[in-house]
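Q: Below are the structure tokens for one structure; questions will follow.
The values are calculated or read from the model by the stated rules, or taken from the named source; none is laboratory data. This is a predicted model, so every value here is computed, not measured. Methodologically, a virtual Cβ is constructed for each residue, glycine included, from the backbone with ideal geometry; neighbour enumeration extends over all protein chains shown.
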Amino acid sequence: MAISADLEPVAPLRIVAGRERIDLPAAERAVADLLRALGRDPDSVHLADTPRRVAHAYEEMLTPREFSLTTFPNDEGYDELVLAKDIPVQSLCEHHMLPFQGVAHVGYLPGDRILGLSKLARVVELFARDFQVQERLTKQVADWLQDHLAPKGVGVVIEAEHQCMSLRGVRAIGSRTVTSSLHGILRDKPSSRQEFFALTGLTP
């Protein structure tokens with residue numbers, strides 16, 4: 001996922017690089033075995049195509065789309081917060097392989113470059129389409145933007161409901177988990193930190 005040093009737009013990044021390829025036939029066999037272990041017949045008329053569907057569903061949920069990192073010179077010297085709110089987040093809990101979903105609020109204080117706004121959502125998807133924990137996901141998005149954009153500050157907040165909490169165990173339907181990760185001025189300067197959390201709708 002290397003990009004040029006001056007952060008000019010580059011060819012589409014192969015953002016699935018570094019992840020193991022999904023073996024669909026093996027995944028189908030594993031789903032069939034799981035159905036048998038759960039006392040179901042994968043060869044029945046109702047379940048005959050389920051292993052294929054499940055394997056392809058996981059392939060889709062675990063594969064982010066390619067994108068180009070598009071940045072532009074900050075010719076006007078814009079130095080206020082840029083914030084994209086309510087970016088949809090969908091990921092898979094690595095402990096139970098159940099979905100968690102919600103929204104991300106991603107903001108940054110520009111340095112020499114500004115980022116195409118759609119790329120904030122792309123970066124969220126890049127790390128969300130994997131087996132995850134919310135804490136790691138939040139930090140990965142913030143760290144990636146800090147490393148690749150070199151802004152004066154980055155802030156990421158994710159609010160999500162986890163089906164491993166709402167469908168099983170405590171069954172806390174509607175409970176949302178909130179995580180945050182901050183870099184630079186948004187972490188070190190109290191007034192900037194307060195502005196970021198206020199704009200996300202959270203109390204600092």
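Q: For the stretch 161-204, please list each of the helices (runs of 4 or more DSSP H) lying entirely inside it that holds at least 1 residues being aromatic (Phe, Trp, Tyr) and touching a Ser or Thr at 6+ places or on another chain (Cβ under 9 Å). I'd like the intermediate steps shown before the answer.
A: Values: elements: 163-166, 185-188, 190-200.
Hits in the stretch 161-204: 190-200.
Q: Out of (1) in contact with a Pro (Cβ under 6 Å, 6 or more places away or on another chain); (2) within 24 Å of Gly77 (Cβ to Cβ), the odd one out for Ser118 is which?
A: It is condition (1) that Ser118 fails.
Q: Name the single residue, out of those in the stretch 135-178 being more than 17 Å from Gln90 (Cβ to Cβ) and among the small types (Gly, Ala, Ser), that is surrounded by the fewest Cβ atoms within 10 Å (Cβ to Cβ).
A: Checking each candidate, the answer is Gly174.
Q: A further question follows. Can you find a residue that is under 15 Å from Ile87 (Cβ atoms), among the charged types (D, E, K, R) and surrounded by 15 or more Cβ atoms within 10 Å (Cβ to Cβ) anywhere in the stretch 179-196?
A: No.
Q: Based on what the data block shows, is Arg171 charged (D, E, K, R) and free of Cβ contacts under 8 Å to residues at least 12 places away in the same chain?
A: Numbers: charged (D, E, K, R): yes; free of Cβ contacts under 8 Å to residues at least 12 places away in the same chain: yes.
Here the answer is yes, as Arg171 does meet what is asked.
Q: Can you pull out the residues in the stretch 78-103 that are over 15 Å from the mean Cα position of the chain (by Cα), closer than 21 Å to Ile185 by Cα and in contact (Cβ under 8 Å) with a residue 40 or more places away in the chain?
A: Correct list: Asp79, Leu81, Leu83.
Q: If a residue has to be at pLDDT 95 or above and surrounded by 21 or more Cβ atoms within 10 Å (Cβ to Cβ) to count, how many in the stretch 93-119 make the cut?
A: 8
Yes/no per residue for (1) among the hydroxyl-bearing types (Ser, Thr, Tyr); (2) assigned by TED's automatic domain parsing to the domain that holds Gly169; (3) closer than 20 Å to Arg193 by Cα:
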{"site": "Phe100", "(1), (2), (3)": "no, yes, no"}
{"site": "Ser118", "(1), (2), (3)": "yes, yes, no"}
{"site": "Arg129", "(1), (2), (3)": "no, yes, no"}
{"site": "Val141", "(1), (2), (3)": "no, yes, yes"}
{"site": "Lys152", "(1), (2), (3)": "no, yes, yes"}
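Q: Surrounded by 17 or more Cβ atoms within 10 Å (Cβ to Cβ), in a helix (DSSP H, G or I) and at pLDDT 95 or above: does that describe Val54? Before the answer, list the steps.
A: Values: surrounded by 17 or more Cβ atoms within 10 Å (Cβ to Cβ): yes; in a helix (DSSP H, G or I): yes; at pLDDT 95 or above: yes.
For Val54, the condition - surrounded by 17 or more Cβ atoms within 10 Å (Cβ to Cβ), in a helix (DSSP H, G or I) and at pLDDT 95 or above - is met.
Q: For the structure I just gave you, tell me whether Val106 is touching a residue at least 40 places away in the same chain (Cβ under 8 Å) and either in contact with a Gly (Cβ under 8 Å, 6 or more places away or on another chain) or aromatic (Phe, Trp, Tyr) (or both).
A: yes
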